[in-house]
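Worksheet: one structure, shown below.
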Amino acid sequence: MKIGFAVIPDDGLLDALISFQAAMRGTIAWEPRLSRTGNLPHITLIQGDFKSGFQYVDILHDLHAYLARLSTSPLVASVQEIFYQPVGWYFVRVQKEPWLIHLHTYLFDLVKTAMTQGNITPDQARWYTPQELQNHRQYGYRYIGDAYLPHITLGRCADAAQSDLIDALNRQWKQRNLDTPQLMTNLTVYEMGEHGAHARTLVSLSI
């Protein structure tokens, strides 16, 4: 089963991300389209192809209880600049908050034996770091452990990024005045869709 675990921002940031992607469609053909009902903006903790029978509901409740024990309230994360990640990805960087790193690490320990291995494509072999390649081969997901990269995906476009395009996107992004701590409101398990998107929420817990 191809699923992921994610942290979901509050409504204000969700709407800002969805409207920004829509506003920039004349500049860059990002896919898939973000929305509240499908392809929900999110911060992935871990995603991949999990073995049959994987009890993701129990795992999410365990993760939720662990987060409560961290005593971090309210949960906030700072969104930063837009950057390009080969091949074709446009991300909003998220600051590596301690609670977010703890959550990722704890979750990985819970799920690693259920994650399936991944095949390496020529693009991955070219662009992934050695740690990312090892992660993908062993677990089917690039951003694990020291390679964890908190981000929110704006979309994917096959065309290679140019520095002036990234600069133009960031100028528009900064006008949204979102470079302050943003409230996070939910933990979810989601069905992976096009380009690994948060296509459908399977379980959601308030935090």
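The values are calculated or read from the model by the stated rules, or taken from the named source; none is laboratory data. Worth saying up front: this structure is predicted, and the values here are computed from it rather than measured. Ideal geometry is used to build each Cβ from the backbone, glycine not excepted, and the neighbour counts take in all protein chains shown. Note: accessible area is taken over every heavy atom of the protein model, side chains too, but ligands, DNA and RNA are not part of it. Shrake-Rupley method; radii C 1.70, N 1.55, O 1.52, S 1.80 Å.
Placing His195, His136, His104 in order of accessible area, with the largest value first and a 1.4 Å probe, yields His195, His136, His104. Modelled spin-label separation between Ser35 and Arg176, with each label point placed 7 Å from Cα along the Cα-to-Cβ direction: 1.9 nm.
Summed over the residues of the range 1-89 and divided among them, the accessible surface reaches 43 Å² per residue at a probe radius of 1.4 Å. Using the Cβ-Cβ distance between Gln95 and Thr116 with R0 = 22 Å, the FRET efficiency computed as 1/(1 + (r/R0)^6) comes to roughly 0.10.
For the chain, the relative contact order is 35 percent, taking Cα pairs closer than 8 Å that sit 6 or more residues apart in sequence and dividing their mean separation by the residue count. Coupling constants for the range 47-60 follow from the phi torsions by the Karplus curve (6.51 cos²θ - 1.76 cosθ + 1.60, θ = phi - 60°), and in residue order they are 9, x, 9, 9, 4, 4, x, 4, 8, 5, 5, 4, 4, 5 Hz; glycine and proline get x. Only the Cβ atoms of Lys and Arg (+1) and of Asp and Glu (-1) were treated as charged; on that basis the dipole of the range 1-115 about its Cα centre amounts to roughly 220 debye.
Rolling a 1.4 Å probe across the protein heavy atoms gives the range 90-152 an accessible surface of 49 Å² per residue. Each residue of the range 62-75 was assigned a 3J(HN,Hα) from its phi angle through the Karplus curve 6.51 cos²θ - 1.76 cosθ + 1.60 (θ = phi - 60°); the sequence is 4, 4, 4, 5, 4, 4, 4, 6, 5, 6, 9, 9, x, 7 Hz, with glycine and proline shown as x. With R₀ fixed at 25 Å, the C-beta to C-beta distance from Cys157 to Thr129 puts the FRET efficiency at about 0.70. Give me the base-10 log of I(q)/I(0) for the chain at each q in 0.07, 0.09, 0.16, 0.17 Å⁻¹, Debye formula, one uniform scatterer per Cα, rounded to two decimals. Computed log10 I(q)/I(0) values: -0.19, -0.33, -1.11, -1.26.
Going by accessible surface with a 1.4 Å probe and the largest first, Asp179, Asp11 read Asp179, Asp11. Shape class for the range 104-207: oblate, because the ratio a/c of the largest to smallest gyration tensor axis (alpha-carbon atoms, square roots of eigenvalues) is 1.5 or more and b/c is at least a/b.
Candidates His195, Gln162, Leu205 compared by Cα position along the dipole of the range 157-207: farthest toward the positive end lies Leu205, with charges placed on Cβ.
Summing charges over all other residues whose Cβ lies under 12 Å from the Cβ of Asp167, with Lys and Arg as +1 and Asp and Glu as -1, gives 0.
Provide the solvent-accessible area of Arg200, counting protein heavy atoms only and rolling a 1.4 Å probe, rounded to the nearest 10 Å². Its heavy atoms expose roughly 130 Å² to the probe. The simple spin-label model puts a point 7 Å past each Cα toward its Cβ; for Asp109 and Ala68 those points are separated by 1.9 nm. Of the residues Gly26, Tyr106, Leu13, the one whose Cα sits farthest towards the positive end of the charge dipole of the chain is Gly26 (charges of +1 on Lys and Arg Cβ, -1 on Asp and Glu Cβ, taken about the Cα centre). Its DSSP H runs of at least 4 residues, each contributing -39,500 (n - 2.57), put the calculated 222 nm mean residue ellipticity of the chain at -10500 deg cm²/dmol, to the nearest 500.
Taking the protein heavy atoms of the range 1-157 in the context of the full set of protein chains, the accessible area attributed to carbon and sulfur is 50 percent at 1.4 Å. At an R0 of 30 angstrom, the distance between the Cβ atoms of Gln55 and Arg137 translates into a FRET efficiency of 0.75. Distances between placed amide hydrogens fall under 5 Å for Gly155 paired with Tyr90, all partners being 5 or more residues away or on another chain. Take the Cα of Thr27, step 7 Å along the line toward its Cβ, and report every residue of the range 147-174 whose backbone nitrogen sits under 11 Å from that point. Within reach of a label on Thr27, which here means backbone N under 11 Å from a point 7 Å along Cα→Cβ, the range 147-174 contributes 164-174.
Backbone geometry of the range 142-147 corresponds, through the Karplus equation with coefficients 6.51, -1.76 and 1.60 at θ = phi - 60°, to 3J(HN,Hα) couplings of 6, 9, 10, x, 4, 8 Hz, x marking Gly and Pro. Going toward the positive end of the dipole of the chain, with +1 on Lys and Arg Cβ and -1 on Asp and Glu Cβ, which of Pro122, Leu183, Val92 do you reach last? Of Pro122, Leu183, Val92, it is Pro122.
With all protein chains in place and ligands, DNA and RNA left out, the 1.4 Å accessible area ranks Phe108, Phe50 as Phe108, Phe50, largest first. Reported to the nearest whole Å, the Cα centre-to-centre distance from the range 51-110 to the range 158-207 is 13.
Put simply, the amide H of Thr185, placed in the peptide plane, has neighbours under 5 Å in Ile8, Asp10, leaving out anything fewer than 5 places away on its chain.
About its Cα centre, the chain has a charge dipole of approximately 140 debye under the convention of +1 per Lys or Arg Cβ and -1 per Asp or Glu Cβ, with nothing else charged.
Using equal-weight Cα scatterers in the Debye expression, the normalised intensity of the range 9-90 in log10 at q = 0.10, 0.14, 0.25 Å⁻¹ is -0.38, -0.72, -1.33.
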